[in-house]
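First comes the structure, then the notes that go with it.
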């Protein structure tokens, strides 16, 4: 049952992402501003993320937003299909005013642990430049584009909401029912880290995964302790907001 619920989240997110990407591709190809056709004609397609942002911005943005919609709405579908008690009881989607200061503390703890892991691990895997372990180009790369605003919404609001209800909600609780709280905490944190791709080198990707794992671990422990997602969502919003502002300021 737990595996089926997790796979439902994955399938919904993947299918929605495909739909969004197709819609975005249509916008890119017919907007007249994309360099996609030129690269296709010359046979010199560059699949790097920076070039994709320049040539297929709508594809990336709408693919991301639709993926978040599928990921965030699938828990509601799961509660309905499996005759659950609703997302509040099934997945802990509840808020209290105290979740705001708790979330601030979680954001600080997550960022601090991620930084410590990054500093300690980077020399061991040959990472000399912190940018090798940075996936922030997905924000900074849109700085001079009209697509910056929907991407910022996706990063600061869409990702925290959809990822918390999916990973700390469905995945963690489903895995906890199967193997206990520790399995749920560690398993959801690993999966949360794995889906974050963006390191510019192998070592950089390892550092990125380790850093994201620590942030996910903080949120997973909080979800298990408080038995609701409010603190995690607030912390995740603040985490992504701080990172986005810092990236745009440095770009």
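Scanning the range 141-151 for residues that are surrounded by 19 or more Cβ atoms within 10 Å (Cβ to Cβ) and in a helix (DSSP H, G or I) yields a single hit, 151. Restricting the search to helices (runs of 4 or more DSSP H) fully inside the range 1-108 and requiring at least 3 residues that are modelled with pLDDT of 95 or more gives 2-31, 57-81. Look at residue 139 and say whether it is within 15 Å of the chain's Cα centre (by Cα), under 24 Å from residue 233 (Cα atoms) and at pLDDT below 95. Yes.
Scanning the range 93-105 for residues that are surrounded by 20 or more Cβ atoms within 10 Å (Cβ to Cβ), farther than 30 Å from residue 249 by Cβ, touching a residue at least 24 places away in the same chain (Cβ under 8 Å) and in contact with a helix residue (DSSP H, G or I) (Cβ under 6 Å, 6 or more places away or on another chain) turns up at least one hit. The numbered conditions (1) surrounded by fewer than 18 Cβ atoms within 10 Å (Cβ to Cβ); (2) closer than 30 Å to residue 88 by Cβ are all true for residue 125 except (2).
To keep it simple, each residue is scored yes or no on (1) surrounded by 21 or more Cβ atoms within 10 Å (Cβ to Cβ); (2) more than 30 Å from residue 18 (Cα to Cα).
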position	(1), (2)
73	no, no
77	no, no
82	no, no
120	no, yes
133	yes, no
165	yes, no
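Looking at the range 172-189, which of its residues are buried (at least 18 other Cβ atoms within 10 Å of the Cβ) and without any contact (Cβ under 8 Å) to a residue 60 or more places away in the chain? Within the range 172-189, 172, 176, 184, 185, 187, 188, 189 qualify.
The values are calculated or read from the model by the stated rules, or taken from the named source; none is laboratory data. For clarity, every value in this text was computed on a predicted model and none was experimentally measured. Heads up, the Cβs are rebuilt from the backbone with ideal geometry, glycines too, and the neighbour counts pull from every protein chain shown.
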